[in-house]
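Below is one structure, written out as C-alpha cells; comments come after it.
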Amino acid sequence: MKRVVVVAGVLLLGMGAVVAQQDVVKSTQDQMKATGRAMGGTLAPMNKGEKPYDQAAVDEALKTLENTAKQLPNMFPASIKAVKFEGDYNTSPKIWEDAAGFKAKIDDFAKTVADVKAKIKDADSLKANFPAIGKACGGCHETYRVKNG
C-alpha cells in the first residue's frame, strides 16, 4: 500500500511539473502574440501610413511592449528548454546557452521601449522612433528564436 501511495505521489508531482511547463509556454506564447499585434497590427501600419495615427492605440501598443519587456526575464525558464512551442517559431537553445547575451537583448528592448514611449506623440515622432523598437525587438529574434520545421 505504501508503494502505491508513493508511486501515485510521484506521478502527481510529475504531472504537476508538466502542467506548470504548459502554463509557462502558453503564457509566453500569449504575451508574444500580444507583442506581435502591438507591433504588426498597430504600430507598423501607422508607421507606414496604412492606418491613421491614433495616440490611444499607440499608447496601448507601447503599454503591451512595456509589459512584455517586464515579463521577458521570466518567460523562458530552463524547465521549458525541451518544450516544443505551437506555431511557426520555437525557442532557440541559445536562450540558455548564452544567458548573458539574452539578458542584454532583453535589457536593450526594455530600454528602447521606455525611451520611445516618452517620445512618440504624433505620426512624425512614431516614424522617427519606430525603427528603434523594431530593431530591438527583431534583434532578439535573429539569435534566440528558430522557425519550426
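Which count do you get for residues in region 122-149 that are modelled with pLDDT of 95 or more and outside any helix (DSSP H, G or I)?
Of the residues in region 122-149, 1 are modelled with pLDDT of 95 or more and outside any helix (DSSP H, G or I).
Restricting to region 50-95, and then to whatever is open to solvent by less than 60 Å² (accessible area, probe 1.4 Å), touching a residue at least 60 places away in the same chain (Cβ under 8 Å) and of a type outside the set (S, T, N, Q), can you tell me which residue is farthest from Phe130 (Cα to Cα)? Spell out how you get there, then give the answer.
In the first step, residues of region 50-95 are kept if they are open to solvent by less than 60 Å² (accessible area, probe 1.4 Å); the result is 55, 57-58, 61-62, 64-66, 68-69, 71-72, 75-77, 80, 83, 85, 87, 90-92, 95.
From the residues that got through so far, the ones that are touching a residue at least 60 places away in the same chain (Cβ under 8 Å) too are 55, 58, 65, 83, 85, 87.
Retained after the next criterion (residues that are of a type outside the set (S, T, N, Q)): 58, 65, 83, 85, 87.
Numbers: Val58: 11, Leu65: 12, Val83: 33, Phe85: 28, Gly87: 26 Å.
Taking the candidates together, the pick is Val83.
Name the residues in region 102-149 that are over 17 Å from the mean Cα position of the chain (by Cα) and open to solvent by 60 Å² or more (accessible area, probe 1.4 Å), would you?
Residues satisfying the conditions are Asp115, Lys117, Ala118, Lys119, Lys121, Asp122, Asp124, Lys127, Ala128, Pro131, Gly149.
Would you please name the residue that is farthest from Asn90 (Cα to Cα), looking only at residues in region 24-40 that are among the small types (Gly, Ala, Ser) and touching a residue at least 12 places away in the same chain (Cβ under 8 Å)? Quick ask: steps written out before the conclusion?
Our first condition is that a residue be among the small types (Gly, Ala, Ser); within region 24-40, this holds for 27, 34, 36, 38, 40.
Among the residues that remain, those that are also touching a residue at least 12 places away in the same chain (Cβ under 8 Å) are: 27, 34, 38.
Details: Ser27: 14, Ala34: 16, Ala38: 20 Å.
My answer is Ala38.
Pull up region 95-121, narrow it to residues that are of a type in the set (Val, Ile, Thr) and not in a loop (DSSP other than H, G, I, E, B), then point me to the one that is farthest from Leu43 (Cα to Cα).
Across region 95-121, the extreme among qualifying residues is Ile95.
The values are calculated or read from the model by the stated rules, or taken from the named source; none is laboratory data. Bear in mind that the values here come from a model prediction, so they are computed numbers and not experimental data. Every residue, glycine among them, receives a Cβ derived from its backbone with ideal geometry; neighbour counts consider all protein chains shown. Note: areas computed on protein heavy atoms with side chains; ligands, DNA, RNA excluded. Shrake-Rupley method; radii C 1.70, N 1.55, O 1.52, S 1.80 Å.
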